[in-house]
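Read the structure below first, then the notes.
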Amino acid sequence: MNSPRKLTHPLALAVLVLLFEKPMHPYEMAATLKQRGKEQSIKLRYGSLYTVIRQLEREGFVEATGTERAGARPERTTYRLTETGEAEMKGWLSALVSEPVKEYRQFEAALSLLPALPPKEAQALLAQRLGRLDEGQRKLQSELAGAAAINLPPLFLIETEYALALLRAERTYVKALIDGIETAELGGMKQWHQWHADRAAARGSH
């Protein structure tokens, strides 16, 4: 069994991968991540970035190679990947690619509690979500089309392709759920309606 990792923030892994390419200072790391659109899949904040770099340095995964100052700008410290950091990066990335893990998604939690909403209200809210999923699908398709127009290799778009695949799967599921509520073919609909009817009647009797 693998021992728990000392760092689990995806931004830390992104820093290790960037430094695997070449030594960089934090500003260059952030600019590179933004230029490559990685903030779509990895939450990027400057404060978090500096915190992560300090943690990586403390664990011996990265080390400073020097500082430089350009004009009136603050000093910038350049970091490089250590051998220990490279081993950590490869092990961490390999585990994420090969081992599915349980992710506690907010929508999944909401679905588990959905009967607390009246069926018609739940149906209307799901329809709103469906519309937003459609917007998201169009946006991702536009991004992929724009990348194809400039001949960006598919290798650098795999996370966008994955996001689009997840979005399409969710859209299919949400559409089927809406239809199941509408046609009452979803199992348990009678109990769902009765529960809310009983609660409405109880409120009316007070």
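The values are calculated or read from the model by the stated rules, or taken from the named source; none is laboratory data. The model shown is predicted, which means the values in this text are computed figures rather than measured ones. When we count neighbours, we look across all protein chains shown, and the Cβ atoms used for this are built from the backbone with ideal geometry, even at glycine.
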- Query: List the pairs whose first member sits in region 176-202 and is in contact (Cβ under 8 Å) with a residue 40 or more places away in the chain and under 12 Å from Ala122 (Cβ atoms), whose second member is of a type in the set (S, T, N, Q) and surrounded by 10 or more Cβ atoms within 10 Å (Cβ to Cβ), and whose Cβ atoms are under 6 Å apart, counting only residues at least 6 apart or on separate chains?
  - Reply: Ile178/Gln123; Ile181/Gln123
- Query: Considering region 1-38 alone, what residues qualify as being closer than 22 Å to Val101 by Cβ and under 16 Å from the mean Cα position of the chain (by Cα)?
  - Reply: Thr8, His9, Pro10, Leu11, Ala12, Leu13, Ala14, Lys38
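Considering only region 77-99, state which residues are polar (S, T, N, Q) and either modelled with pLDDT under 95 or not in a helix (DSSP H, G or I) (or both).
Of everything in region 77-99, those that are polar (S, T, N, Q) and either modelled with pLDDT under 95 or not in a helix (DSSP H, G or I) (or both) turn out to be Thr77, Thr78, Thr82.
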- Do you know which of the residues in region 8-65 that are assigned to a helix (DSSP H, G or I), among the acidic types (Asp, Glu) and at pLDDT 90 or above is surrounded by the fewest Cβ atoms within 10 Å (Cβ to Cβ)? Glu21
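Of all residues in region 140-181, count the ones that are among the β-branched types (Val, Ile, Thr), surrounded by fewer than 14 Cβ atoms within 10 Å (Cβ to Cβ) and at pLDDT 95 or above. Let's see the steps before the verdict.
From region 140-181, those among the β-branched types (Val, Ile, Thr) are 150, 158, 160, 172, 174, 178, 181; that's our starting set.
Now restrict to residues that are surrounded by fewer than 14 Cβ atoms within 10 Å (Cβ to Cβ): 150, 158, 172.
Remaining after also requiring at pLDDT 95 or above: 172.
Count: 1.
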- All but one of (1) of a type outside the set (Ser, Thr, Tyr); (2) surrounded by 11 or more Cβ atoms within 10 Å (Cβ to Cβ); (3) at pLDDT below 95 hold for Lys102, so report the exception by its number. (2)
- Task: Collect the residues in region 145-175 that are farther than 23 Å from Leu96 by Cβ, among the aliphatic types (A, V, I, L, M) and without any contact (Cβ under 8 Å) to a residue 24 or more places away in the chain, keeping them in residue-number order.
- Result: Ala145, Ala147, Ala148, Ala149, Ile150, Leu152
- Flagged in region 22-55 as touching a Phe, Trp or Tyr at 6+ places or on another chain (Cβ under 8 Å) and closer than 20 Å to Glu88 by Cβ, in numbering order, are Pro23, Met24, Pro26, Ile53
- Task: Go through the residues of region 88-104 one by one and say whether even a single one is of a type in the set (Lys, Arg), free of Cβ contacts under 8 Å to residues at least 40 places away in the same chain and in contact with a Lys or Arg (Cβ under 8 Å, 6 or more places away or on another chain).
- Result: no
- Query: So which residues in region 125-139 are without any contact (Cβ under 8 Å) to a residue 24 or more places away in the chain and either under 15 Å from Gly37 (Cα atoms) or surrounded by 14 or more Cβ atoms within 10 Å (Cβ to Cβ) (or both), if there are any at all?
  - Reply: Leu125, Lys139
